[in-house]
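Every read-out reported here was derived from the displayed coordinates using simple, explicitly stated rules and does not represent laboratory data. For clarity, every value in this text was computed on a predicted model and none was experimentally measured. Note that each Cβ is placed from the backbone with ideal geometry, even for glycine, and that neighbours are counted across all protein chains shown.
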Amino acid sequence: MLTVKLVSDPTPLDPTDDKSLDKAERKRLQIEHTPALSTAAKQIKLGDKICNIRDVVENPPADWSPQRRCGYLDWAEGVVAGCRGANGPLERLCDQVLQEGREALAREASTTR
């Protein structure tokens, strides 16, 4: 069982995505801005990515192609890279979930050929 203690941080919440930008730009900026987030925000982002990666692999939206699902994992890995140093156990779990997700998608692709 993974137990994680979040670091308390008195700073206000870090800014969220600017929804006035197109999706590709928001995704690019998220990778770019993640390293500057507070430690607490990085830990939350890691937990969010772990859950989202699992969902994309195990219960993807019906209209997501295998390529889109793989693309999400690639993008998520870029976001996670900006969180390095915030929480070792969460980072290792995220790496594990990414690896397992890629393996599951590869298996799925090999059975649908």
Helix 39-58 vs. the chain, principal-axis angle (Cα, 0 to 90°, nearest 10): 10 degrees
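Can you give the calculated 222 nm mean residue ellipticity of the chain, where each DSSP H run of n ≥ 4 adds -39,500 (n - 2.57) and the sum is split over every residue, rounded to the nearest 500 deg cm²/dmol?
On the way: 4 runs with 71 residues, N = 113.
Mean residue ellipticity, 222 nm, calculated: -21000 deg cm²/dmol.
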Reported label for calculated volume of the Cα convex hull per residue in Å³ given [x] 89; [y] 111; [z] 136: [y]
0 to 90° range, to nearest 10: angle between helix 88-111 axis and the chain longest Cα axis: 20 degrees
Taking region 23-111 and dividing mean pair separation by its residue count, relative contact order in percent (alpha carbons under 8 Å, at least six apart): 41 percent
Angle in degrees between helix 23-33 and the longest Cα principal axis of the chain, rounded to the nearest 10: 50 degrees
Charge dipole of region 23-111 about the Cα centre (unit charges at C-beta), most positive-ward option of 89, 31, 76: 31
Where labels lie 7 Å past Cα in the beta-carbon direction, separation of residue 21 and residue 33 in nm: 0.6 nm
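With +1 assigned to the C-beta of every Lys and Arg and -1 to the C-beta of every Asp and Glu, and no other charges, what is the dipole magnitude of the chain about the Cα centre in debye, to the nearest 20? Could the numbers behind the result be given before it?
On the way: 17 positive and 18 negative charges, 29 e Å.
Dipole size: approximately 140 debye.
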